[in-house]
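Heads up: the structure comes next, in structure tokens.
The values are calculated or read from the model by the stated rules, or taken from the named source; none is laboratory data. Bear in mind that the values here come from a model prediction, so they are computed numbers and not experimental data. Please note: Cβ atoms are built from the backbone with ideal geometry, for glycine as well, and neighbour counts cover all protein chains shown.
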Amino acid sequence: GESVGLHLPTLSVQEGDNSIINCAYSNSASDYFIWYKQESGKGPQFIIDIRSNMDKRQGQRVTVLLNKTVKHLSLQIAATQPGDSAVYFCAENQSRNAGNMLTFGGGTRLMVKP
Amino acid sequence: KAGVTQTPRYLIKTRGQQVTLSCSPISGHRSVSWYQQTPGQGLQFLFEYFSETQRNKGNFPGRFSGRQFSNSRSEMNVSTLELGDSALYLCASKWTPYNEQFFGPGTRLTVL
């Protein structure tokens, strides 16, 4: 079946640097994409989303870029902080049966070095 | 406003047994989804419920079932447990199918 995948399982960055986490997706019918952050012992936490008719969206210290031509999604975190250390998942949404379902990528662990 | 709560947080069962997990969504949220998280398969969609109706179901065997009550609380049941069912089961709620989804802390199920 179609799925969302990630290129890098672990990313290590220095505190204060910018981080970029990448994700490839395969279902062109997906109507929006979401990034989640998961800390140890907790459920995924919403970071930012982007609709398929957009190519960029910015939040507080985060930016999501969507390239539909190559089916690629990225999450940029500016001035990475130790509290950003977590596993990050991309997910693609498919609207179906008046509801929706998410397909998640495998996750990237972000480690921030002080 | 209280977040999504899941009970129990931890559970140990043996093969062949059945288990029921509970999820209480955020007050006012009518949509509840369930996910299974394992190191090998990652996060996989199980079901989505809205107003007591199952809207979508993932690719899991019939041993996995769920339901939603009139107060939006949801339960999922796994019968005839297998070792491979050991996982973190996550519940997420949202107001409608098109809003941001909030996850609970999960129920860690271990099957021995």
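One table, with the values for the structure above:
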item	result
B:Gln41 being of a type outside the set (Ser, Thr, Tyr), under 17 Å from A:Gly43 (Cα atoms) and at pLDDT 95 or above	no
From the options A:Pro114, A:Pro82, residue that is at pLDDT 95 or above and over 22 Å from A:Ser52 (Cβ atoms)	A:Pro82
Checklist (1) exposed (fewer than 12 other Cβ atoms within 10 Å of the Cβ); (2) over 24 Å from A:Glu39 (Cβ atoms) applied to B:Glu75, failing item	(1)
All strands (runs of 3 or more DSSP E) inside the stretch A:18-114 with 2 or more residues being more than 14 Å from chain B (Cβ to nearest Cβ)	A:19-24, A:56-58, A:62-67, A:72-77, A:108-113
Options B:Leu83, B:Leu90, B:Leu112, B:Leu11: the member that is closer than 19 Å to A:Glu92 by Cα and not charged (D, E, K, R)	B:Leu90
Criterion: closer than 16 Å to B:Arg108 by Cα, aliphatic (A, V, I, L, M), in contact (Cβ under 8 Å) with a residue 24 or more places away in the chain and at the interface with chain A (Cβ under 10 Å from one of its Cβ atoms) - qualifying residue of B:Leu21, B:Leu43, B:Leu11	B:Leu43
Residue, nearest to A:Leu102 (Cα to Cα), within the stretch B:46-66, restricted to residues that are more than 10 Å from every other protein chain (Cβ to nearest Cβ) and of a type outside the set (Ser, Thr, Tyr)	B:Phe60
Flag for A:Gly83 being surrounded by fewer than 18 Cβ atoms within 10 Å (Cβ to Cβ), more than 13 Å from the chain's Cα centre (by Cα) and on the phi > 0 side of the Ramachandran plot	no
Some residue of the stretch B:88-107 being away from chain A (no Cβ under 14 Å), surrounded by fewer than 21 Cβ atoms within 10 Å (Cβ to Cβ) and not basic (Lys, Arg)	no
